[in-house]
Amino acid sequence: MSRFAARSQAPEIMDDLLCSGEVVLQTLRELDFINHWLGGNQVTLDGLKSLIKNQKNTESLHLADLGCGSGEMLKLIHRQLKATYPAIQLTGIDANPNIIAFAEKHCAGIPNIRLKTTDIFDPDFQKHSFDLVVATLFLHHFTHDQLVKIFRTLKAQARIGIVVNDLHRHPLAYYSIKILTRLFSRSAMVKYDAPLSVLRGFSKAELQQILTEAGIEPYKLRWRWAFRWQLIIHTHENGLPKR
């Protein structure tokens with residue numbers, strides 16, 4: 001059977017919620033570089049813009065970024081929305097305290113951003129609600145059954161909607177990132193995790209099945225460069241038609 005036929009269940013180094021040290025910091029820096037230059041960040045930002053374009057303007061929105069990593073996405077969202085929503089609240093969530101410590105330094109000086117070390121399966125976290133939830137390169141870390149539970153919970157937590165930006169499992173994506181990281185990465189974690197992340201990514205049918213089992217609709221799912229799935233979920237009653 002082809003390695004691309006089904007999602008890999010092999011763990012990534014990043015899945016160790018206590019991993020720490022310079023290798024983690026270098027990994028976060030390199031991931032930010034990759035997302036910037038391959039256009040991955042724009043998938044999340046465009047999805048967010050689409051999700052809130054018909055929202056009545058208010059000064060404040062509360063957004064949660066799941067698996068926030070370095071906090072770079074929070075900074076980009078703040079830059080994009082601060083003029084329209086000057087009192088926007090941006091909460092970065094990550095279960096690794098060492099990553100949150102890095103994000104706090106990276107986002108220092110932006111009072112709208114706060115960082116929390118939290119496991120999204122923690123019942124205390126699941127009691128919280130937000131206007132918007134985004135997840136960039138985060139959900140491929142979970143199994144099919146875990147993702148069904150996550151989407152069911154997020155549907156209740158997000159007042160306006162959810163934006164997911166994650167990986168399309170494809171041979172070209174796998175071999176390209178494997179070659180690029182071997183040539184240019186200085187992080188052993190990136191060299192190991194990046195290709196494996198692609199193998200843990202999704203086909204369109206897999207995502208659709210997860211969403212069906214979670215009772216998610218309406219939503220819009222489309223392919224974006226470079227080998228990303230952009231998923232936009234409206235959780236309020238005036239959502240867009242399912243496609």
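Quarter the surface of the alpha carbon convex hull of the chain and you get the mean projected area, 12.5 square nanometres.
Between the listed residues PHE142, PRO97, TYR85, the Cα displaced farthest toward the positive end of the dipole of the chain, a dipole computed from Cβ unit charges relative to the Cα centre, is found at TYR85.
The Rg/Rh ratio for region 119-243, using Cα coordinates for both the radius of gyration and the Kirkwood hydrodynamic radius, is 1.01.
The packing ranking, built from the mean of other Cβ atoms within 10 Å per residue, places the peptides 123-135, 152-164 in the order 152-164, 123-135, highest first. Loop-located chymotrypsin sites (Phe, Trp or Tyr not before Pro) across region 147-243 with a Cβ neighbour count of 12 or fewer within 10 Å are TRP225, with loop assigned by DSSP.
What 222 nm value per residue comes from the helices of the chain, counting each DSSP H run with n ≥ 4 as -39,500 (n - 2.57) and dividing by all residues, nearest 500 deg cm²/dmol? That comes out to -13000 deg cm²/dmol.
Under the combined filter of DSSP loop state and at most 14 neighbouring Cβ atoms within 10 Å, region 1-85 retains these trypsin sites (Lys or Arg not before Pro): ARG3, LYS53, LYS56, LYS82. Put a plus charge on the Cβ of each Lys and Arg, a minus charge on the Cβ of each Asp and Glu, and nothing anywhere else: the dipole of region 13-234 about its Cα centre is then about 700 debye. Exceeding 30 Å between C-alpha atoms, which entries from my cross-link table qualify? They are LYS53/LYS191; LYS53/LYS127; LYS75/LYS155; LYS53/LYS116; LYS82/LYS178; LYS116/LYS178. Exceeds cut-off: LYS53/LYS191; LYS82/LYS178; LYS116/LYS178.
All alpha carbon pair distances within region 90-180 were sorted into 5 Å bins beginning at 0; the resulting P(r) in whole percents reads 3, 11, 18, 22, 18, 14, 9, 5, 0.
Write down the percent of antiparallel bridges among all DSSP beta bridges whose residues are both part of the chain, to the nearest 5. Let's see the in-between values first.
Values: 13 of 34 bridges.
Percentage antiparallel, nearest 5: 40.
None of the figures in this text is laboratory data; all of them are computed from the coordinates on show. Keep in mind that this is a model prediction, so the values were computed, not measured. Positions of Cβ are generated from backbone atoms using ideal geometry, with glycine treated the same way; all protein chains shown enter the neighbour counts.
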